[in-house]
Amino acid sequence: MRFGPVPLDAAEGAVLAHAVALPGGRLKKGHVLRAGDVAALAAAGLAEVIVARLEPGDVGEDAAALRLANALVPEPGAAGLRLEAPFTGRVNIRATGPGVVALDPLAIARLNAVDPMITLATVPEWQRVTEGTMVGTVKIIAYAVPEAALGAACAEGAGAMRRMAPVIGDADLVVTETAPGAAKAEARALRAVWERVERLGIGSGATRVVAHRADAVAAAIGESGAGMVLILTGSATSDIGDVVPAGLRAAGGEVIRFGMPVDPGNLLVLGRQGGRPVIGLPGCARSPALNGADWVLERVACGVEVTAADIAAMGVGGLLKEIPTRPQPRERRAKP
């Protein structure tokens, strides 16, 4: 592509690089100049304009953006995404339902290294989405890019993004109480938990209130027939031998990880029982604010395996916004 000022007699068919105001109306940036446009520019007293002129082997911005988007998401229906129509060298990619976004970060980095004029920006990997959420935008910065560069970018980014939809049909919630009747004050907290479930399109099952004992937790897990069990404790889990981990093991399950380097969210318990996920929620799950439990809950609900190593790797970026209502905030409150 050639870019720069040209005399008007050489401007027809070129792409206008900067908008020009004329007595009869405004010629927009990116407009392909026709004979009438050139005549209007001459009548306005201009002798030259700044344009982009495509050369053999160049691909125009809209066509290039659409090709790259099609390479990224070759089967939109199967990927749970949709591609919008190209405009000004851009194609937006949106989710077609709830779930989390699976990306190939290394492939996307290689794509963006091919040519500075060829770009893809996405949401963070494993971002929770709903219908219509924009998960990525392809932008061709120049008015055209070389075919060779576009082909290389398409090859690097092939199939690099998709939406993982929820695979769990329903969830049960076990609530422990340290004193009889204590759970009655938890209405707001239970609502925050169920909202997390419902926004993923998962059915809200039974709420079982049990004593804060390992045997009671084990029995509640065993009685649940839901695809996922969540546990909200009346007293925070403070050891691998505490009520939730012990109850999970007593129910024939396994603890995958206790504790996570995400704050708020440190006291999460992740396990499995009977092939389904069991999550001991940290106390901060009583608030609707983002916490580490969201990262784990959203992924496992969408069939993404979360290992102990995966949780250990969440520390970078894991310092989340503080929740003012936490009993143990990060910083000591000043004494009155």
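The values are calculated or read from the model by the stated rules, or taken from the named source; none is laboratory data. Since the model is a prediction, treat every value here as computed from it, not as a measurement. Don't worry about glycine lacking a Cβ; one is built from the backbone with ideal geometry, like all the others, and counts go over all protein chains shown.
Some observations on this one:
- The stretch 1-26: number of residues that are hydrophobic (A, V, I, L, M, F, W, C), more than 23 Å from M117 (Cβ to Cβ) and surrounded by 13 or more Cβ atoms within 10 Å (Cβ to Cβ): 4
- Residue in the stretch 272-285 that is touching a strand residue (DSSP E or B) at 6+ places or on another chain (Cβ under 7 Å) and free of Cβ contacts under 8 Å to residues at least 40 places away in the same chain present: yes
- Listed by position, the strands (runs of 3 or more DSSP E) enclosed by the stretch 193-263 that each have at least 1 residues that are over 23 Å from the mean Cα position of the chain (by Cα) and over 19 Å from A183 (Cα atoms) are 254-258.
- Scanning the stretch 27-43 for residues that are of a type in the set (V, I, T) and either assigned to a strand (DSSP E or B) or surrounded by fewer than 13 Cβ atoms within 10 Å (Cβ to Cβ) (or both) yields a single hit, V32.
- L103 of a type in the set (A, V, I, L, M, F, W, C) and in the same structural domain as L150 (by TED's automatic domain parsing): yes
- Tally, over the stretch 98-118, of residues that are of a type in the set (D, E, K, R) and under 23 Å from M164 (Cβ atoms): 2
- Residues in the stretch 95-118 that are buried (at least 20 other Cβ atoms within 10 Å of the Cβ) and closer than 17 Å to E131 by Cβ: A95, P98, G99, V100, V101.
- Qualifying position, being more than 23 Å from I140 (Cα to Cα) and touching a residue at least 12 places away in the same chain (Cβ under 8 Å), among L33, L72, L41, L83: L41
- Considering the conditions (1) of a type in the set (V, I, T); (2) in a loop (DSSP other than H, G, I, E, B); (3) closer than 19 Å to V193 by Cβ, V304 is excluded by exactly one of them, (3).
- Residue list for the stretch 49-69, restricted to those being among the small types (G, A, S) and either without any contact (Cβ under 8 Å) to a residue 60 or more places away in the chain or surrounded by 18 or more Cβ atoms within 10 Å (Cβ to Cβ) (or both): A52, G60, A63, A64, A65, A69
- Verdict on L46 being modelled with pLDDT of 95 or more, surrounded by 13 or more Cβ atoms within 10 Å (Cβ to Cβ), not polar (S, T, N, Q) and not assigned by TED's automatic domain parsing to the domain that holds D115: no
- Once the stretch 238-266 is narrowed to residues that are crowded, with 24+ Cβ neighbours inside 10 Å and not small (G, A, S), the residue that is farthest from P329 (Cα to Cα) is L248.
- Members of the stretch 80-93 found to be closer than 30 Å to R196 by Cα and crowded, with 20+ Cβ neighbours inside 10 Å, listed by number: G80, L81, I93
- Test for A71: is it modelled with pLDDT of 95 or more, in contact with a helix residue (DSSP H, G or I) (Cβ under 8 Å, 6 or more places away or on another chain) and in a helix (DSSP H, G or I): yes
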